[in-house]
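One structure is given below, encoded as structure tokens.
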Amino acid sequence: MKKNDTLTKKALMPKKEIIDFILNYSKNLQTIKTKSRKTILVSKN
Amino acid sequence: MKTQTDSQLILQYQNGNEKSLSLLINRHKKDLFNFIFYKLMDEDLANDIFQDTFIKIIITLKEGRYKEENKFILWAKRIAHNLIIDHYRLQSKNIKISETSYENEEFSIFDIIKEPENNIEDKLIDIQINEDLLKMLIMLPDNQQEVIKLRFFDGLSFKEIADHTDTSINTTLGRVRYALINLRKIMEEHKIILTK
């Protein structure tokens, strides 16, 4: 019978949907510089 | 092809290259996700915190507020660590409300509307404590300063500190131990008390 190795850490990864969400979120953010040189983030959608 | 450093990728991303963010995420996703997961032991929650961490990173980078003082991954872990603390704070607050609302007759509206943040006096004391602590840290040798910051400010485990500083866990433990002993000595010499 296979023994469970509880001492070994399981290497996990974030879900693909989460990565896709992050990348889409970034793509949809646009930076706008104001006259007072302040950077504002706005959504492209 | 030569591998680009995190700093180069960050600069390219700030100049509009979205592919650099993808490379940065792929490079650090395993390390960061495991850092989050083993503090929460909940995969769904770890995904949420991972997502929120990168949203904060994206906003900071796009707004040009990122100051490279340390490695990117340490900064990312610090953000994740703070989000995890926020999560636990919120969780404990919610439990408190439900218990008093439904089961405890001594329910008080002030339990709900009580200011969760410290008052001004507490904040001033916190600032004073942090200032004193930073002054004392400067007096420590560089390697002891580094481990104290990584352990207590960034929330890294001893294993992670050992990996980041290219030393063994025993060396890391020793440095933290000596750093704390030295801090106590400095406190005694300068008659500093770090309590509220």
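Taken together, the values in this text are just the output of simple stated rules run on the coordinates, not laboratory data. Small disclaimer: the values here were computed from a predicted structure and weren't measured. As a convention, Cβ positions derive from the backbone with ideal geometry for all residues, glycine included, and neighbour counts pool all protein chains shown.
For the reader, a short list of remarks on this structure follows.
- 28 Å Cα-Cα threshold exceeded, pairs from B:K56/B:K123; A:K38/B:K19; A:K16/A:K38: A:K16/A:K38
- According to the Cα-based calculation, Rg over Rh for the range B:117-196 is 1.04, with Rh computed by the Kirkwood formula.
- In order along the range B:55-62, the phi-based Karplus estimate (6.51 cos²θ - 1.76 cosθ + 1.60, θ = phi - 60°) of 3J(HN,Hα) comes to 5, 5, 4, 4, 4, 4, 5, 5 Hz; Gly and Pro are listed as x.
- FRET efficiency estimate (nearest 0.05) - Cβ-Cβ, B:E121 to B:M187, R0 25 angstrom: 0.65
- A straight chain from A:K16 to A:I40 at 0.36 nm per residue would run longer than the Cα-Cα distance by 5.8 nm.
- Calculated FRET efficiency for the pair A:Q30/B:Q91, C-beta based, R₀ 45 Å, to 0.05: 0.80
- Against the rule of thumb 2.2 N^0.38 Å, how large the Cα Rg of the range B:6-86 comes out: 1.06
- Here the Karplus curve 6.51 cos²θ - 1.76 cosθ + 1.60, taken at θ = phi - 60°, turns the phi angles of the range B:161-168 into couplings of 5, 4, 5, 5, 9, 6, 10, 7 Hz, with x standing for Gly and Pro.
- Stretching the chain fully between B:E68 and B:N15 yields a gain of 17.5 nm (0.36 nm per residue, less the alpha carbon separation).
- The HN-Hα couplings worked out from phi for the range B:13-25 by the Karplus form 6.51 cos²θ - 1.76 cosθ + 1.60 (θ = phi - 60°) are 5, 5, 8, x, 8, 5, 4, 5, 5, 4, 5, 5, 5 Hz, whole numbers, x standing for Gly and Pro.
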